[in-house]
Amino acid sequence: MQIHETAFIISTYRSMHPEVSKDPYAHLWNNSKTDSLLPEILDFISEHEPLLHSLRNRFFLEEMTAFFERYPNATLLNFGAGFSMYQFVLPETVQTVEIDKEDIVNYKKEKIAAWMKDGTLPKRKINYLSMDFNTIAVNKIVHELTKSLTDAPTFILLEGVLFFLNSKTTNELFQLFGAIQKSGDLLGSVSYDPQVQTTDVYQKLLAYFDKNNDTNDTFAHQTLPVSFYQNLKEYTLLKNTDEFETARVYAVNYKLPKKTEVLNESLYILKKN
Ligand SMILES: C[S@@+](CC[C@H](N)C(=O)[O-])C[C@H]1O[C@@H](n2cnc3c(N)ncnc32)[C@H](O)[C@@H]1O
């Protein structure tokens, strides 16, 4: 499996529960290749993956909606944006910078431009930056990003990315976030807590990736304890929840099994000191 395929899969998950994800545009990315992968994933790993990823999207959408209500001219910096579509449900005053690998950025940019032109999508101000977090120097990213930033507050999102990164790249990214954000700016992050490694369902996820991995793709399988976030000197941890808990708020009609039986990711909101 190539890394861009994971972005298509997550987007398809969101399209399966638009009432939970509140992403009415996710279906635009659906395609037959991704559809053909889903039955095996849902059967082999967990049938609850679409709901949990829709909950993840909903959690961050609610957090960002509150932030951009306070700061309508603020900027969303979406690191590893994949095919997420937050900018089209957030107010049009919000500027977005989408950052991802070159193949994703080029494909998304072209499609979005066509859909904004033909009225499928509302008009939004979007900048795109293509980069590989593993190979680019932090100071170069700061330079690239600051070209597209105003003085307005920023919300940085790092959703569904940390699993694929190693600790060196992760530390460099958080150093970068600290360098570009100002006091009061927010950062949303997702990662697996190391505890999750003891669950059967996480082992099935690893087995699935091992079975379907392309030689060119490096999946670090990173997990991060809450102490990683608590120890960030430049940030204060404001919220720490997980997908299973958010189901109690946004998916009360869905029956989930026990927390340890679903692939439960932790969700964090941090504030720049
Ligand atoms: C599972 S997808 C999640 C996409 C989106 N954030 C979401 O939640 O729907 C992971 C994304 O991270 C990006 N990504 C992973 N490793 C990366 C790297 N080293 N540099 C840049 N982007 C990376 C992938 O290209 C992909 O779009």
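Within the stretch 4-127, the percentage of alpha carbon pairs spaced more than 18 angstrom apart rounds to 53%. The calculated FRET efficiency for the pair ASP132 and ASP200, based on their C-beta separation and a Förster distance of 22 Å, comes to about 0.10.
Normalised radius of gyration (Cα atoms, divided by 2.2 N^0.38 Å) for the chain: 0.95. For ASN273 paired with ASP151, estimate the spin-label separation in nm (one decimal), with each label point 7 Å from Cα along the Cα-to-Cβ line. Result: 2.5 nm between the two label points. Taking 19 Å as the cut-off, the amide N atoms of the stretch 24-57 that come nearer than this to a point 7 Å along the Cα-to-beta-carbon line of GLU110 belong to 28-34. Projecting each Cα onto the charge dipole of the chain (Lys/Arg +1, Asp/Glu -1 at the beta carbon, about the Cα centre), which of THR6, ILE41, PHE67 comes out farthest on the positive side? Comparing the listed Cα positions along the dipole, PHE67 ranks first. Cβ-Cβ distance of ASN31 and ASP210, R₀ of 25 Å, FRET efficiency by 1/(1 + (r/R0)^6): the value works out to about 0.50.
The trypsin sites (Lys or Arg not before Pro) of the stretch 1-46 include none that meets both conditions, a loop assignment by DSSP and at most 15 other Cβ atoms within 10 Å of the site Cβ.
Each DSSP beta bridge with both residues in the chain is either parallel or antiparallel, and the antiparallel ones are about 40%.
FYI, it's all coordinate maths here, none of it is from the lab. Keep in mind it's a predicted model, so treat the numbers as computed, not measured. Cβ atoms come from the backbone with ideal geometry, glycine included; neighbour counts cover every protein chain shown.
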